[in-house]
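To start, the structure under review is shown below, and the notes come after it.
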Amino acid sequence: MLGNLLIGLREGLEAALVVSILIAFLVRTDRRSALPKVWLGVGVAVVISVGVTLVLTLTQQALTFEAQETFGGVLSIVAVGFVTWMIFWMRRVGRSISAELRGKMENALAMGSGAVVVMAALAVGREGLETAVFFFAAAQAAGETTEPLIGFLSGIAIAIVIAYLIYRGAVTLNMGRFFSVTGVLLIFVAAGILAYGVHDLQEAAILPGLDTLAFDVSAAVPPDSWYGVLLKGIFNFSPQTTVLEAIVWVAYVAVVLTLFLLPQNPSAKRTRPAVTVPSA
């Protein structure tokens, strides 16, 4: 549950900040008439993201056991790829995202109402699709849907409140530090989901080593104990871990965490030029 709360908080705050930047830009430039188009685009993005989650759930339920394990394993690996890309993307463009979004909105306004809706939908939809896939994989790893959903929705709600308070000037949040800390935590969450995906592929007999355990600490860390549930909820920790799962987990954390903590190249901090929308 806590891992899903972190996913909802991180992804929700990114999406909420995107919306806040767009709204603030329109309000400060006295173009409030475009606000309904932005909200329409946001609504479209949310509907599509929810639809993707439902499609993934229904698709998995219609499969055989082996196909379910294969589907879940592959999707877990894809989700980890998405979240890894997202972590490094936000680290790289966090300083310039506001200027980039304003540039895109300026171009969309010049093209017309439809372009504003599409621009808002794309800006929020990218976060939404990543969140849908990652949440689905995390919920599968947790082995249930209710608590992960509660944690995820709680994270989204907290993110919306924080974004609103920032927009109103009621609170100040060091976004660089926030995304750095949550980025580190998400790396460990993603490592657990990646290991779970490998286990699924072992269950489907696609990868070997299902019965070759690296360790079995189920006696010391019972899965139904409070600390076992806590470790499972945050890091998808399994008391019975295969050698291949352990290798993948350690390799992912060692490589990704090291790259994430490396100092950024000063040249990479330069503001990227705004991406323009081609005119009709």
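Every read-out reported here was derived from the displayed coordinates using simple, explicitly stated rules and does not represent laboratory data. Keep in mind the model is a prediction, meaning the values are calculated, not measured. Quick reminder, even Gly has a Cβ in these numbers, built from the backbone with ideal geometry, and neighbours come from all protein chains shown.
Just need the relative contact order of the chain here, percent rounded to a whole number, with Cα pairs under 8 Å and 6+ apart. Value for the chain: 33 percent.
When the dipole is taken about the Cα centre of region 1-125, and only Lys, Arg (+1) and Asp, Glu (-1) are charged at their Cβ, what size is it in debye, to the nearest 20?
Dipole about the Cα centre, nearest 20: 620 debye.
Towards the positive end of the charge dipole of the chain, with charges on Cβ (+1 Lys, Arg; -1 Asp, Glu), say which of Ser76, Leu58, Ala132 has the farthest Cα. Most positive-ward Cα: Ala132.
Which FRET efficiency value, to the nearest 0.05, do you get for Met111 and Val47 by plugging their Cβ-Cβ distance into 1/(1 + (r/R0)^6) with R0 = 30 Å?
Numbers: r = 23 Å, r/R0 = 0.77.
E between Met111 and Val47, to the nearest 0.05, is 0.85.
Counting helices only, and only those DSSP H runs with n ≥ 4, report the 222 nm mean residue ellipticity of the chain as the sum of -39,500 (n - 2.57) divided by its residues, in deg cm²/dmol to the nearest 500. Numbers along the way, then the final one.
Working: 10 runs with 204 residues, N = 280.
The per-residue figure over the chain is -25000 deg cm²/dmol.
Out of Val161, Val44, Val217, any idea which swings most in a Gaussian network model of the chain, alpha carbons joined below 10 Å? Its mean-square fluctuation being the largest, the pick is Val217. Computed over region 1-155, the quotient of the alpha carbon radius of gyration and 2.2 N^0.38 Å is 1.15. Computed from Cα atoms alone, the Kirkwood hydrodynamic radius reported for the chain is 20.1 Å. Given their separation in residues at 0.36 nm each and the Cα-Cα distance between them, Ser180 and Gln60 gain 39.8 nm when the chain is fully extended. The simple spin-label model puts a point 7 Å past each Cα toward its Cβ; for Val27 and Ile160 those points are separated by 1.7 nm. Seen through its C-alpha gyration tensor, with square-root eigenvalues sorted a ≥ b ≥ c, region 34-104 comes out oblate because a/c lies at 1.5 or above while a/b is not bigger than b/c.
Using the Cα centre of the chain as the reference point, and only Cβ charges (+1 on K/R, -1 on D/E), how large is the resulting charge dipole? Debye, rounded to the nearest 20. Numbers along the way, then the final one.
On the way: 17 positive and 17 negative charges, 387 e Å.
So the magnitude is around 1860 debye.
If r is the Cβ-Cβ distance from Thr146 to Leu230 and R0 is 30 Å, what FRET efficiency results, to the nearest 0.05? Write out the running numbers ahead of the final one.
Numbers: r = 17 Å, r/R0 = 0.57.
After rounding to 0.05, the efficiency reads 0.95.
Here the calculated FRET efficiency for Val221 and Ala246, from their Cβ-Cβ distance with R0 = 22 Å, stands at 0.90, rounded to the nearest 0.05.
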